[in-house]
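Chemist: Please see the structure below; I have some questions.
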Amino acid sequence: IAANEARGLVRARGRRALREVAVETSYGDAAIAVSADPADRVAAIDLANALARLDPADRVVVGLSAAGLSSSEIGQAVGMSASGIRARLGRLLGRLREDLRDA
C-alpha cells in the first residue's frame, strides 16, 4: 500500500509541473486588458497547464467547444458523431475540473 501511495504522489507531482507563461499586454496599437489581480493570472496559468496535459486531439475538441461550435459541428470537423463528442467533452471537462481543483 505504501509503495502504491508513493508512486501516486510522484505521478501527481509530475502532473503539477510549473510552466512559465509570458503575458503580452498589447499587440501593436490595440491594448489588451490584463487583470492586475495575481489570482487571475495564477488561474490562467493553471488552466494553460491543465490544457497542456490533454492530448492534442482532445485540446482541439475543447477549443472548438469553447469557440462556440455545436457538438454536431465539432463532430463533422473531427470525424465523430455528435453524441460521441458530447460524451468526450463531458469526460474532458470533468478531467479539467479535477486538474484545476488539484492545482
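Chemist: Being open to solvent by 60 Å² or more (accessible area, probe 1.4 Å) and within 20 Å of ARG11 (Cα to Cα) is the requirement here; does LEU47 meet it?
Modeler: Here the answer is yes, as LEU47 does meet what is asked.
Chemist: Let me ask another. Give segment 50-86 a look and list any residue that's in a helix (DSSP H, G or I), surrounded by fewer than 13 Cβ atoms within 10 Å (Cβ to Cβ) and either touching a Leu at 6+ places or on another chain (Cβ under 8 Å) or among the aliphatic types (A, V, I, L, M) (or both), or say none.
Modeler: ALA52, ALA57, ALA66
Chemist: Does at least one position in segment 8-28 carry a residue that is modelled with pLDDT of 75 or more and open to solvent by 70 Å² or more (accessible area, probe 1.4 Å)?
Modeler: Within segment 8-28, not a single residue is modelled with pLDDT of 75 or more and open to solvent by 70 Å² or more (accessible area, probe 1.4 Å).
The values are calculated or read from the model by the stated rules, or taken from the named source; none is laboratory data. If you're wondering where the values come from, they're calculated on a predicted model, not measured in any experiment. Here the Cβ is made from the backbone with ideal geometry for all residues, glycine too, and neighbour counts use every protein chain on show. The area values use the complete protein model at the heavy-atom level, side chains included, leaving out ligands, DNA and RNA. Shrake-Rupley method; radii C 1.70, N 1.55, O 1.52, S 1.80 Å.
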